[in-house]
Amino acid sequence: MQPRRTTGILRLLAAFVLIIALTINFSGIAYAANAPASAAGKTFNISIIYGTVFALSALLFFGCCFLVKRKNLWILLLYISVFIVNGGYLALSLARDLNSALLANQLSYFGASMLPLSMLMIIIKTCRITHPKWVSPILVLISLSAFLLAASGGYSTLYYKEVSITTVNGICVLNKVYGSLHFLYTVYLLLYFGMMIAVITYASVKKTVSSSKYVIFLVSAVFGNLAVWFVEQLIYVNFEFLSVSYIATELLLLSVHIMLQDYDTTAHTDGTPTEPKDVSVTLPPDIEELFSAFSERAAYLTATERSILQYYADGYEISEVAELAFISIHTVRKHNANMYQKLGVGSRDELILYIDLFRRSGRLAEILQPPENQSKSNLI
């Protein structure tokens with residue numbers, strides 16, 4: 001089975017967008033830094049760079065919504081967060097009074113607070129690390145608490161003792177004097193980055209990640225943002241380099257997500273991608289009849305049932321399927337009952353056995369893809 005063509009197209013598009021984003025933004029920053037103040041204010045405003053980054057964030061968000069068929073809750077949260085945080089940066093650069101500047105700052109902090117959460121959960125899913133159900137709600141509460149603390153700036157002295165605005169080369173800049181609890185947000189970020197590194201290290205040691213290249217992608221996403229964040233703490237630059245780093249992060253993590261989908265669909269049980277086998281030669285005739293009958297029954301699955309079947313093929317448990325599909329566990333069980341009846345199986349274990357047999361034979365697409373897609377792929 002060949003990897004889906006849309007996957008290759010999406011990767012090329014992602015790489016192209018990343019190159020364009022980096023070229024436009026870094027060349028613009030260099031121009032604004034080296035140009036005279038009057039020229040920078042009139043001919044090249046940093047707001048244009050923020051606007052470009054925001055437009056790219058929107059493009060990637062909508063591209064993720066429409067091009068990625070099997071959506072992941074945390075992938076969507078990541079793309080929404082990058083979209084929001086870059087919108088906040090743009091709004092802040094265009095603000096002309098303190099109230100609008102504080103509102104834009106809160107917007108960017110909301111996205112920035114959700115980013116570490118989504119990154120950590122994506123890494124946990126990618127590394128196939130199981131965790132108790134209460135972990136996700138606790139992490140969400142921690143992220144919301146960090147946002148509320150940061151959003152208090154300008155309204156209390158806990159996060160900012162004092163805050164005012166100035167205009168530099170035509171853009172609005174917040175002048176801040178940090179309060180007594182400002183350090184907690186730094187602790188929050190370092191805690192999340194530490195957990196990401198711990199998960200990746202644990203997965204590498206336990207070999208729960210399918211390929212070393214996925215580890216490289218994950219490490220690049222984590223340490224790339226960490227390095228940019230540290231540089232911004234040490235060197236004052238009138239531009240948020242994290243706005244570009246976030247785009248690189250979502251592209252890296254989406255690439256891993258897509259590659260894992262391809263791997264799960266095309267990989268053999270030993271982890272090596274294989275071409276379809278001639279099952280009429282390698283399997284006894286009675287087994288071939290069993291496969292054919294099961295494939296015919298699978299053709300009657302609904303789109304929702306087929307998506308749940310795909311999640312099971314990817315190794316997810318029922319609770320994880322409910323989370324990924326945005327439905328309750330009770331609804332998943334109802335779909336399971338319908339699938340069992342249509343497919344003629346008595347339990348989820350029996351269903352997983354069939355999935356494994358189809359995977360071993362290189363015929364997994366027969367039960368995961370709708371019949372019309374199978375006919376199209378046969379014509380190619």
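Throughout, read-outs are computed from the coordinates displayed, never taken from laboratory work. Note that the coordinates shown come from a computational prediction; the quantities given were computed from them, not determined experimentally. Cβ: placed from backbone, ideal geometry, glycine included. Neighbour counts: every protein chain shown.
Values for this structure:
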read-out	value
Where labels lie 7 Å past Cα in the beta-carbon direction, separation of Ile48 and Ser156 in nm	4.2
Relative contact order of the stretch 130-193, defined on C-alpha pairs under 8 angstrom at six or more residues apart (%)	25
Chymotrypsin sites (Phe, Trp or Tyr not before Pro) within the stretch 307-374, DSSP loop, no more than 15 other Cβ atoms inside 10 Å	Phe326
Inter-label distance for Ser180 and Thr304, nm, one decimal - labels placed 7 Å from Cα along Cα-to-Cβ	5.3
FRET efficiency for Phe326 and Ile129, using Cβ-Cβ distance with R0 set to 22 Å, rounded to 0.05	0.55
